[in-house]
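Visitor: Here's a structure for you.
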Amino acid sequence: MEQGVLRRAALTLTAAALVLGTAVPQAGAAALPWEDGPVGTVGKLLWDAGGGRLGMCSGAVVDAPNGSVVVTAAHCVRTQDNPEPPDEVWFVPGYDHGKDRYREDGWRVASFHTPEGWDTARDTTEILHHDYAFLTLAEKDGVTVQEAHGANRLEFEPVPEDRDVAVLGYPALAPYDGESLHWCGGPTEVLAEGEADPANTGGLLLRDCDLTAGTSGGPWLQDFDAAAGGGTVVAVMSVGSGDGDVVGRPFPAEARALYDGAAATR
C-alpha cells in the first residue's frame, strides 16, 4: 500500500462522512451480497439527517453484561461539522429493505461512548486511530437487543493475523442501495509504521473490497459462523482508498474502559 493512497483516503472520506453519515467510497472489486439470510448480530444505524435525508452507518451487537452494546465507527457518531451525536439514532438488527420501518424495527440508541482521543476539533489525520465507538441501546418492550438477536464476541488488540475476516455492512453508493447486507472476506495485515500514512498505522488492511458508503462502522469478524450468526469483532470499518483497499480500526487496550462504561449503562 502506497502512503499517498491511504493519506488521501483518510482526508477525503472523513470530509464526506457528514453528508453521507458514512465514510467508505466506491472502490474497485465487487463485494458480495449476503445470501444466508439476515444476520441478527449485524445491523444498520439510521437517523434523520434533515432535508428528507437519512444518515446511515453499520454496526454489530457485542456481548455485554447489559445485553445492549453495539460497536461502530466514531465518525458515525461525531464529526467536525457535527460534534454532537444526532438527536435520535436507531439500530436495526438484521436490516433488510426496511427504511420506512426503522423506528418500529429498531432499538433506540440511549447513549454514545466515543474515545477521548476522538477530538473532532483536531485534524482527522490526528485522530483516526480512535475511530471506534460503543453505543448503548435502550430496551425494547423490556427486551435487550442481545436477548432478541444474540451477540458477537469482542477482541481487543493485538489482533491475530492468522485468520481471515468477514467484513459485513450496508453499502449505499452505486452500484448499491444500502438496503441489503453485503460482505467481503479474506486475509488482513496490520499496517505497520512506514507501510502507510501515520493516520492508518495499526489499522487492518483488506484488499479487493468495494464496500461503499454506508458500511462505516461495520464489523470485521474473525471465526464467523453463519449458522450461529456471530463471530469475533476485531475491528470496525473506518476508511477506504477508493480503489479497493479498506481499513478497519481495531480496539486498543484503552478501549476496555470505554466498553465497560457502555456495558454498565442501563
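The values are calculated or read from the model by the stated rules, or taken from the named source; none is laboratory data. Just so we're clear, the structure is a prediction, and the values are computed from it rather than from any experiment. We place every Cβ from the backbone using ideal geometry, glycine too, and count neighbours over all the protein chains shown. Side chains included, ligands, DNA and RNA excluded: accessible areas come from the protein's heavy atoms. Shrake-Rupley method; radii C 1.70, N 1.55, O 1.52, S 1.80 Å.
Visitor: Count the DSSP beta bridges whose two residues both fall in the chain, then state the antiparallel fraction as a percent rounded to the nearest 5. Show your work: numbers first, answer last.
Guide: Numbers: 52 of 56 bridges.
Within the chain, antiparallel bridges account for around 95 percent of the total.
Visitor: Follow-up question, since we're still on this one. Probe of 1.4 angstrom, ligands and nucleic acids ignored: what's the accessible area per residue over the chain, in square angstrom? Kindly include the intermediate steps, with their values, before the conclusion.
Guide: Numbers: 10820 Å² over 266 residues.
Per-residue value: 41 Å².
Visitor: Using the C-alpha atoms of region 121-220, what convex hull volume per residue, in cubic angstrom, is computed? Present the calculation step by step, with values, prior to reporting the outcome.
Guide: Details: hull volume 15.6 nm³, N = 100.
Residue-normalised Cα hull volume stands at 156 Å³.
Visitor: Can you compute the modelled spin-label distance between Asp225 and Ser111, with each label point 7 Å from Cα toward Cβ, in nm?
Guide: For Asp225 paired with Ser111, the spin-label model returns 3.2 nm.
Visitor: Return the loop-located GluC sites (Glu not before Pro) in region 135-190 (DSSP other than H, G, I, E, B) with at most 16 other Cβ atoms within 10 Å of their own Cβ; answer none if there are none. Could you put the intermediate results ahead of the total?
Guide: Details: sites: Glu139, Glu147, Glu155, Glu161, Glu179, Glu189; in loops: Glu139, Glu155, Glu161, Glu179.
The qualifying sites are Glu161, Glu179.
Visitor: Whole-Hz Karplus ³J(HN,Hα) for region 54-59, in order, using 6.51 cos²θ - 1.76 cosθ + 1.60 and θ = phi - 60°, x for Gly and Pro?
Guide: 10, x, 8, 8, 10, x
Visitor: Sticking with this structure for a sec: Quick one, can you get me the convex hull of the C-alpha atoms of the chain expressed as volume per residue in Å³? Write out the running numbers ahead of the final one.
Guide: Working: hull volume 29.0 nm³, N = 266.
Output value, Cα hull per residue: 109 Å³.
Visitor: Using only the alpha-carbon atoms, how far is helix 3-20 inclined from the longest principal axis of the chain? Give it as 0 to 90 degrees, nearest 10.
Guide: So the helix axis and the longest Cα principal axis differ by about 30 degrees.
Visitor: Given a cut-off of under 8 Å on Cα pairs at least six residues apart, what relative contact order in percent is computed for the chain?
Guide: Normalised by residue count, the contact order of the chain is 29 percent.
Visitor: Also, I was wondering about something else. Give the calculated FRET efficiency between Arg101 and Ala49 to the nearest 0.05, with a Förster radius of 30 Å applied to their Cβ-Cβ distance. Don't skip to the answer; put the middle values down first.
Guide: On the way: r = 18 Å, r/R0 = 0.59.
Plugging the Cβ-Cβ distance into 1/(1 + (r/R0)^6) gives 0.95.
Visitor: Still on this model: Go ahead and run the numbers for FRET between Asp36 and Asp87, Cβ-Cβ distance against an R0 of 51 Å, rounding to 0.05.
Guide: Efficiency for this residue pair is about 0.90.
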